[in-house]
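The values are calculated or read from the model by the stated rules, or taken from the named source; none is laboratory data. Here the structure is a predicted model, which is why all the values come from computation and not from measurement. Note that we place each Cβ from the backbone using ideal geometry, even for glycine, and neighbour counts take in every protein chain shown. Keep in mind that these areas ignore ligands, DNA and RNA; they rest on the heavy atoms of the full protein, side chains included. Shrake-Rupley method; radii C 1.70, N 1.55, O 1.52, S 1.80 Å.
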Amino acid sequence: MMRRNVLILASWALCAASFGQSPDDSTLAAAFRVFDASGAERILADIVDDARGVDVLYIGEEHDDSVGHWVQAQLFELLLADPVVLSLEMFERDVQIVVDEYLSDQITEAHFLKSSRPWPRYKSFYRPLVELAKKQSVPVIAANAPRRYVNRVARLGTGSLDSLGVQARAFLPPLPYPEPDPRYRKKWDRLMEEMASEMPDSLRAHAGEGDTPVFLFDAQALWDAAMAHSVQWALAEYPGALVVHVTGSFHVEGGLGTPYGVRALRPATEDMVVIVRSTDDFGLFDAQAHGSLGDFIIQTDGTFKPGDGSTAY
């Protein structure tokens, strides 16, 4: 326990120094717990140690979890002890040139943000990762399919991509993109049943608010196929580096979705899944219910509310 507390506080100090967080934010260090799939309590350093034996580390997040984003920044900084590549769902493949220009100081951050279509709350949630990568000269992969094409599939189906021009198709995975694991479809169907007629906010953001999406699973499959192709490309482009892919947890839970797509493209790929989930009882872990989500599960305090003194969140 002493070792875990020391490492957590050390990790927090690193992030505070990097991102200018106020001392009040030290409470975040006590707002999460790390478990392995068996339910044993672990620490972030254990994830780093185990990641040295794999090609890809998937971090599945809840997009609106403030504590989770803070923890991800800590974990990513610890991973920088070894060669890494950062892959992000939050940027689309057609803005890769903009990302590269910013990382190489060819454009200002203001122009980067105007041109890269960052997700909401980028400054709080994703800027820490990008700035760490920039500081350490770590490549950043804009991994997702452009949402205009995801929207097209959601409305018209996968065949609608066939009419796109050569330049547009360059931003997509090779067509036709592969079918997902049947278990993924079953999981998707269960989610849709639970959601009834209410569309998840994350899906609305991609599919296009105000449209009438019909082929929702096909759109979901396109996201995963695009991200899988991006991860596979990064593995080939940066041999020996660990690809750290950050995405929504549904895309990677149980090794389905994106990890399944990467293994289809590159069968020898060794990977590890870390799921970050928010819960009011973050210190209690149900291994039977949640142990199958990933190799590690980071549970964050769902009751935590950022204070006004926080500069990052």
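Identify all residues within segment 118-128 that are assigned to a helix (DSSP H, G or I) and surrounded by 15 or more Cβ atoms within 10 Å (Cβ to Cβ); write none if there are none. Steps first, answer last, please.
First, pick out the residues of segment 118-128 that are assigned to a helix (DSSP H, G or I): 122-125, 127-128.
Listed by number, the residues that qualify are Tyr122, Ser124, Phe125, Arg127, Pro128.
Scan Gly240, Gly254 and give me the residue that is in a helix (DSSP H, G or I) and open to solvent by 10 Å² or more (accessible area, probe 1.4 Å).
Numbers: Gly240 fails: in a helix (DSSP H, G or I).
Of the residues listed, the single one that is in a helix (DSSP H, G or I) and open to solvent by 10 Å² or more (accessible area, probe 1.4 Å) is Gly254.
Only one of (1) outside any loop (DSSP other than H, G, I, E, B); (2) farther than 18 Å from Ile59 by Cβ is not met by Gly261, so which one is it?
Condition not satisfied by Gly261: (2).
Is there a residue being assigned to a helix (DSSP H, G or I) and open to solvent by less than 10 Å² (accessible area, probe 1.4 Å) anywhere in segment 94-106? Give the steps one after another, and end with the answer.
Within segment 94-106, the first condition is being assigned to a helix (DSSP H, G or I), and the residues that meet it are 94-103.
So of that shortlist, the ones also open to solvent by less than 10 Å² (accessible area, probe 1.4 Å) come out as 95, 99.
Yes, that holds for at least one residue.
If I ask for residues that are under 21 Å from Lys123 (Cα atoms) and in contact with a Pro (Cβ under 7 Å, 6 or more places away or on another chain), which ones from segment 34-81 would you list?
Ser66, Ala73
So Ser87 ticks every box in (1) part of a strand (DSSP E or B); (2) of a type in the set (S, T, N, Q); (3) over 19 Å from Thr258 (Cα atoms) but one. Which box is left unticked?
Only one criterion is unmet by Ser87, namely (3).
I'd like to check something: does segment 45-54 contain any residue that is over 30 Å from Pro146 (Cβ atoms), among the basic types (Lys, Arg) and crowded, with 19+ Cβ neighbours inside 10 Å?
No, the conditions are met nowhere in segment 45-54.
Can you tell me which condition Glu62 does not meet? The list is (1) under 22 Å from Thr279 (Cα atoms); (2) surrounded by fewer than 21 Cβ atoms within 10 Å (Cβ to Cβ); (3) at pLDDT below 95, and all the others hold.
Going through (1) under 22 Å from Thr279 (Cα atoms); (2) surrounded by fewer than 21 Cβ atoms within 10 Å (Cβ to Cβ); (3) at pLDDT below 95 one by one, Glu62 breaks only (3).
In the set Glu198, Glu131, Glu194, which member is in a loop (DSSP other than H, G, I, E, B) and either modelled with pLDDT of 95 or more or charged (D, E, K, R) (or both)?
Details: Glu131 fails: in a loop (DSSP other than H, G, I, E, B); Glu194 fails: in a loop (DSSP other than H, G, I, E, B).
So the residue among Glu198, Glu131, Glu194 that is in a loop (DSSP other than H, G, I, E, B) and either modelled with pLDDT of 95 or more or charged (D, E, K, R) (or both) is Glu198.
Is there a residue in segment 161-172 that is crowded, with 16+ Cβ neighbours inside 10 Å and outside any loop (DSSP other than H, G, I, E, B)? Can you show your working first?
Pass one, segment 161-172, residues crowded, with 16+ Cβ neighbours inside 10 Å: 161, 171-172.
Adding the requirement that they be outside any loop (DSSP other than H, G, I, E, B) leaves 161.
Within segment 161-172, one or more residues are crowded, with 16+ Cβ neighbours inside 10 Å and outside any loop (DSSP other than H, G, I, E, B).
Counting only residues that are touching a residue at least 40 places away in the same chain (Cβ under 8 Å) and of a type in the set (S, T, N, Q), how many does segment 279-298 have?
Going through segment 279-298 one residue at a time, the tally reaches 1.
Restrict the check to segment 91-109 and report whether at least one residue is under 16 Å from the mean Cα position of the chain (by Cα), of a type outside the set (Gly, Ala, Ser) and at positive phi.
Initially, segment 91-109 is screened for residues under 16 Å from the mean Cα position of the chain (by Cα), giving 91-93.
Filter once more, so that each one left must be of a type outside the set (Gly, Ala, Ser): 91-93.
Filter once more, so that each one left must be at positive phi: none.
No, there is no match, as no residue in segment 91-109 is under 16 Å from the mean Cα position of the chain (by Cα), of a type outside the set (Gly, Ala, Ser) and at positive phi.
Among (1) more than 29 Å from Ala40 (Cα to Cα); (2) open to solvent by less than 30 Å² (accessible area, probe 1.4 Å); (3) hydroxyl-bearing (Ser, Thr, Tyr), there is one condition Thr300 misses while meeting the rest; what is its number?
Unmet for Thr300, out of (1) more than 29 Å from Ala40 (Cα to Cα); (2) open to solvent by less than 30 Å² (accessible area, probe 1.4 Å); (3) hydroxyl-bearing (Ser, Thr, Tyr): (1).
Would you point out the residue of segment 134-155, among those that are out of contact with any helix residue (DSSP H, G or I) (no Cβ under 7 Å at 6 or more places or on another chain) and within 21 Å of Val243 (Cβ to Cβ), that is surrounded by the most Cβ atoms within 10 Å (Cβ to Cβ)? Walk me through it before giving the result.
Let us first name the residues in segment 134-155 that are out of contact with any helix residue (DSSP H, G or I) (no Cβ under 7 Å at 6 or more places or on another chain), namely 135-139, 148, 155.
Next, only the ones that are within 21 Å of Val243 (Cβ to Cβ) stay: 135-139.
Working: Lys135: 12, Gln136: 13, Ser137: 8, Val138: 21, Pro139: 17.
Filtering segment 134-155 for residues that are out of contact with any helix residue (DSSP H, G or I) (no Cβ under 7 Å at 6 or more places or on another chain) and within 21 Å of Val243 (Cβ to Cβ), the one surrounded by the most Cβ atoms within 10 Å (Cβ to Cβ) comes out as Val138.
Inspect all residues belonging to segment 66-78 and state whether any of them is open to solvent by 10 Å² or more (accessible area, probe 1.4 Å) and farther than 15 Å from Leu132 by Cβ. Lay out the reasoning, then the answer.
Just the residues of segment 66-78 that are open to solvent by 10 Å² or more (accessible area, probe 1.4 Å), to begin with: 66, 77-78.
Checking which are farther than 15 Å from Leu132 by Cβ leaves us with 66.
Yes, there is a match, as at least one residue in segment 66-78 is open to solvent by 10 Å² or more (accessible area, probe 1.4 Å) and farther than 15 Å from Leu132 by Cβ.
Of all residues in segment 29-48, which are within 20 Å of the chain's Cα centre (by Cα) and either modelled with pLDDT under 50 or part of a helix (DSSP H, G or I) (or both)?
Leu44, Ala45, Asp46, Ile47, Val48
Could you say whether any residue in segment 202-211 is exposed (fewer than 11 other Cβ atoms within 10 Å of the Cβ) and either in contact with a Ser or Thr (Cβ under 6 Å, 6 or more places away or on another chain) or modelled with pLDDT of 60 or more (or both)?
No - not one qualifying residue is present in segment 202-211.
Looking at (1) among the charged types (D, E, K, R); (2) under 18 Å from Ala228 (Cβ atoms); (3) at pLDDT 95 or above, which is the only condition Glu179 fails?
(3)
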